[in-house]
Structures are given as structure tokens and as C-alpha cells.
Amino acid sequence: MEIDPFIFRLSIFVLAIFVGYYVVWSVTPSLHTPLMSVTNAISSVIIVGAIIAALAGTSENIFETSKIFGFFAIILAAINIFGGFLVTQRMLQMYKKKKTKK
Amino acid sequence: MISANLSAVFYLASGILFILALRGLSSPETSRQGNLFGILGMIIAITVTILSVGNFSSSIIYLLVFFVAGGAIGSFIAFKIPMTAMPELVAGFHSLVGLAAVFVAISAFLNPGAFNLGSPSNIKLASLVEMSIGAAIGAITFTGSIIAFLKLRGIMSGAPITFTGQHFINLALGISIIVLIFYLCKTQVDSFFWSVIFISFLIGILLIIPIGGADMPVVISMLNSYSGWAAAGIGFTLENTALIITGALVGSSGAILSYIMCKGMNRSFANVILGGFGADNSSNEVGKNKDQKPVKNGNAEDAAFLMKNASSVIIVPGYGMAVAQAQHALREMVDKLKKNGVTIKYAIHPVAGRMPGHMNVLLAEANVPYDEVFELDDINNDFANTDVAFVIGANDVTNPIAKTDPKSPIFGMPVLDVEKCKSVLFVKRSLSPGYAGVDNELFYRDNTLMLFADAKKMTEDIVKNIE
């Protein structure tokens, strides 16, 4: 009997939870705010679903309901992607070590 | 355009890049590189998706227009937002992820063919369950984050809103979602799907309103986690590895942060979520003490004298510093003190501020080097050999009652041992108790000097008095 592909995805999911668990524990507490903003940015990879929805079908009619929802999701996710990564970058630029002089 | 197998490999690659993005945050030096990995992963995922759909009709123009529009808004926000507003920004961003998840789930429900999930009203059973769960969690994330945003922004009062039967209603709504999903799968009738989303919106609101302002670090972390699980749910629906990996990463990240925050308050997750903490136990207990005990009242001159002649000072910032935007003035004060040969350290309690790491970002913004900033466990032993503790905008996290009085609501919470310093300076606007509604006995100690003023104004005055 063949294994359902769902089981493979579930395995990836469970393993990724474990990876996430160990990686996040190693994040230094002083960077917890950037951690939140960057996880927020990467979770916007949900945009792939929005792209599929928006590009669906061969018809030129872009006013299908499912496409419209796709387009809206693209805007939301794009705000998040740009906003999330840029604000993270902005924060991380501020973390500096003590200057050696004096 | 590209085969499903090839795109799956690319999705895996972007998932790995996202792992590296989080890995980079283990130290500030590697963090910027980590962020670039994250951006690269995102670019790969988006490009591969567009190529694999391979439809270059006019739709793609609209897609780009919407993408650029969203990107412009996002960039604008990212550059304009003041660092003190980070908590509400993150809450706001979570709501967008939640809503995007709902929209994608709706698209997939309306046009399952595009996602390879069957045909309308004949969607594969597993996909239907996955998309309903994704939509439900997404909807909860959306409205929950909106409420959190409003509370953090001060548009809505931070006071917990409670009413009788609250938890029972939440439970009933939660069960009804499961029942509705069950019937949705059985009948494929779309009104069940809409009801699931609607009720989830409602749960999101009801879940967050009973939680008070200072418990927001837990709430934000929890919503962070939810947005991850929502993404993972959609990832299963779309059979997309990048989404599944990301969802799992974000989900566990938020869960860990919630755990750390709860531990910082010595409260169980359930206790925070059930809410109502700090609602009304403030008035009775405090009124008694206020007039009886004498308080030593100081001014900027005294504080400046004390710190200038100290050999070491530990600064304990809290939410009050963020509210008063006092971090820059504080930095100025520290520079002056350093010129006088005073050793300075900063002590950060895990739940100081309104989100994990909030104080660290503000200090970094004010150009405080991160190697002068210490976490509770690393610095708590140093208070005993320190001359002055300068508490600015923190309260409950310094209250020694947490160590001594088992009846206190904050008993057992790890606190900063500021009372072990030779003297303690407390910048505070009044003697009012902190969020937990507990009087801080430190105020009445002999070695405590209260500085009643706005944090920023007091710090500026001290700066003037140091020269």
C-alpha cells in the first residue's frame, strides 16, 4: 500500500516544528522584537496562495470573486512582506556593540 | 512553466532560508545577514509560484499592481513607524496575515479547481478540513490582533472587559466551529463555510477583550503563533512545503515566546488567557497604605548628586520609559555619568514593556550598545555590589513582595533585586500601584528616593544637574 502524500507533508510539518523549537530557543532575548517582526514577515509567504488564486483560470475576467479575494490577499501579504522585512532591518541596524574607543 | 517537482524543490529551499533567517537572530552580528536570507527565501517563493502557474494573461499585470501597491504601503509604514510603536505595529501586521489567510481560504473554496482540490461543492475532504481550519485560525488571528492593536494604541482602554458566562460562550463557540466543519465536510454546503469564518471572527474578539494591557506581551506572542498555524493550515491545503515549514516555524516561535512571557510573570498560560487580571483589586488594598507610610521625596538635583558620586549604576527601564519616550534623554544622562567615571549597566526584565524585547529595541534606538544591556538572570546578582539602581518606568518587576508574601498576586514572579543596591531611585509619576494592583513596598524603604515626574522630563532635569 502506498503512503498518502499527506503523511509526507505532516512529517515535514512536525519536523519543522522541532527545528523551530530549537532555533527559537537559541534566539537571544534582546532580539525578541525583531524575531516577532521577521516571523511576521515570513508568514506572509501565504502570498503564494494568493498568487495562485489571482492567476487562476484562462478567462480574462478578473472580476471573478475568487480572483478578487486573491488580489486583496496579495495587497495584505505585500504590505506585510515589505513592512515586516524592512522594519526588521531597520531595528537590526540599531543594535551596535560598544565602541572600542575610550 | 516549471514542473511541480522542481517548484517543490524551490519551496523547500525557501523554507530552509526562512530557518536560517531565524537562526541568524541568535546574535546581533549575524542577524542582519539572517534577515537577508529571509528576503531571499521570499523572493524565491514568489517567483517560483508565478512561474509554476505560468499564466501570463492580463491577470499578471493586476497582480504586479496590487503587489507594488501593498509593497509601497508596507515600506512607508516600516520607515515611518516610531520604535515606541513597535507593539501595535506587530499586532497590526499579524492581523494582515490572518486576513490574508482567510482570503486565500475563501478563494480556494470558491475556485478549488485552480488549486487542484477538486471542483466546487465537490472538494476533497482533507482539503476542506485543512482550509476550514486555516480560515478559522486566520479569522481569529485577524480580529484578535485588531483588538490587541486598539488596546496597544490606546484607542480602546487597556482595562480587561469581563462579563459573566464569558468563558462558557467562548467554549460554546469553539465547539460550534468543530460541528460546523463537520457538517461542511458532510454536505459541502457553503453557508457552513461562511458561518465558520464569521464565528471565528467573533471568537477572536471575545478571546482578547478580557486580557489587560500589561498582559499584552503574551497576547502578541500568542497571536504570532496563531498566524503561523493559520499559514500552516493553508500550506496543507495548497500542498506547499514553504508554507508548511514557515507556518510551523512561526507557530512554534510564538508559542515559545508566550511561554517565556508567562514564566516572566510566574503565571500559567491559562491564567493569562482567561483574563481579568489586575481588573479591580487595586483600590482597596492601596488606599490604606498611602497616607500612613512616609516616602522620601527627591528632586533631580539629589538624583544627579547621588549618581554622579556613585561608582556603579544599574538602570531598570520599564513601560513608563516607552510611554514618555525617555530613552534618548536616558542615553544622554548615561553619557554624562560615564564621563564622571560611573559604570553603567541596564537590567531588563522579560516582561518589561508591551512585547518581548521591547526595551532592548528602544535602548538600541537610543544607541545604547547591546553589550551593556543584561537580562534578569545575568544581572540579578550584581545589584548587591551596585551603588544606585535607577528605576525608570518599571514597577511590579522590582517589587520585593513577590519574594516574601505568598498571598500577593505576584508572589513567585521573578523580580529584579533592586532593593539590594545601596540606594534606589524611582522615577514615577505617582505612588499608584502597577498593573498587578499591588503596592510596591520599595517606595517606603529608607534607601529609596522617589522622583515624582514624567520620566523624560525628570531625566532631562538630571542631565542638566550633572554638569
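The order of the peptides B:266-272, B:41-47 by mean Cβ neighbours within 10 Å, most packed first, is B:41-47, B:266-272. The alpha-carbon positions of chain A define a convex hull whose volume is 155 Å³ per residue.
By the Kirkwood approach, averaging reciprocal distances over each pair of separate Cα atoms, the protein assembly as shown gets a hydrodynamic radius of 24.7 Å.
Taking Cα centre as origin and charging only the Cβ of basic (Lys, Arg, +1) and acidic (Asp, Glu, -1) residues, the dipole magnitude of chain B rounds to 340 debye. Measuring between alpha carbons in the structure, the pairs from B:263/B:422; B:263/B:296; B:296/B:457; B:151/B:464 lying more than 27 angstrom apart are B:263/B:422; B:263/B:296; B:151/B:464. Working value for chain B: equivalent-ellipsoid semi-axes of 47, 27, 17 Å, each the square root of 5 times a Cα gyration tensor eigenvalue, largest first.
Put +1 on the Cβ of every Lys and Arg and -1 on every Asp and Glu Cβ in the protein assembly as shown; which of B:299, B:221, B:253 then has its Cα farthest towards the positive end of the dipole? Ranked along the dipole, the leading option is B:299. For the segment B:46-52, counting C-beta atoms of other chains within 10 Å of every residue's C-beta and taking the mean gives 4.
Ranked from largest, the principal axis spans of the Cα set of region B:138-215 equal 44, 24, 15 Å. Each peptide among B:31-38, B:429-436 gets the average number of other Cβ atoms lying within 10 Å of its residues, and from highest to lowest they stand as B:31-38, B:429-436. Taking 18 Å as the straight-line reach from the Cα of residue B:293, the aspartates and glutamates in range (excluding those fewer than 8 positions away in the same chain) are B:285, B:419, B:439, B:441, B:446. Determine the distance separating the Cα centre of region B:115-149 from the Cα centre of region B:322-390; give it in Å without decimals. Between the Cα centre of region B:115-149 and that of region B:322-390, the gap is 44 Å.
With a Förster radius of 22 Å applied to the C-beta separation of residue A:2 and residue B:185, the computed FRET efficiency comes to 0.40. Within 10 Å of the Cβ of each residue in B:374-383, the mean number of Cβ atoms contributed by other protein chains is 1.
Report note on the peptides B:57-63, A:48-54, A:4-10, B:362-368: ranked by the mean count of other C-beta atoms within 10 Å, highest first, their order is A:48-54, B:362-368, B:57-63, A:4-10. Charge tally for residue B:454 (other residues, Cβ to Cβ under 11 Å; Lys, Arg +1; Asp, Glu -1): +2.
Counting only lysines at least 8 places from residue B:186 when in the same chain, those with an alpha carbon closer than 18 Å to its own are B:124. Across chain B, the mean sequence separation of Cα contacts (distance under 8 Å, 6 or more residues apart), normalised by length, yields a relative contact order of 14 percent. In order along region B:15-29, phi translates into HN-Hα couplings of x, 5, 4, 5, 4, 5, 4, 6, 4, x, 6, 5, 8, x, 5 Hz, rounded to whole numbers, per the Karplus curve 6.51 cos²θ - 1.76 cosθ + 1.60 with θ = phi - 60° and x for Gly and Pro.
Dividing the summed helix terms, -39500 (n - 2.57) for each DSSP H run of n ≥ 4, by the number of residues in chain B produces a 222 nm estimate of -20000 deg cm²/dmol to the nearest 500.
Across peptide B:60-72, the average count of Cβ atoms from other chains found within 10 Å of a residue's Cβ is 6. The charge dipole of the protein assembly as shown, taken about its Cα centre with unit charges on the Cβ of Lys, Arg, Asp and Glu (plus for the first two, minus for the last two), comes to roughly 960 debye.
Residue B:329 sits among other residues whose Cβ lies under 9 Å from its own Cβ, and their net charge, with Lys and Arg +1 and Asp and Glu -1, is +1.
No value in this document is a laboratory result; all are computed from the given coordinates. If you're wondering where the values come from, they're calculated on a predicted model, not measured in any experiment. Quick reminder, even Gly has a Cβ in these numbers, built from the backbone with ideal geometry, and neighbours come from all protein chains shown.
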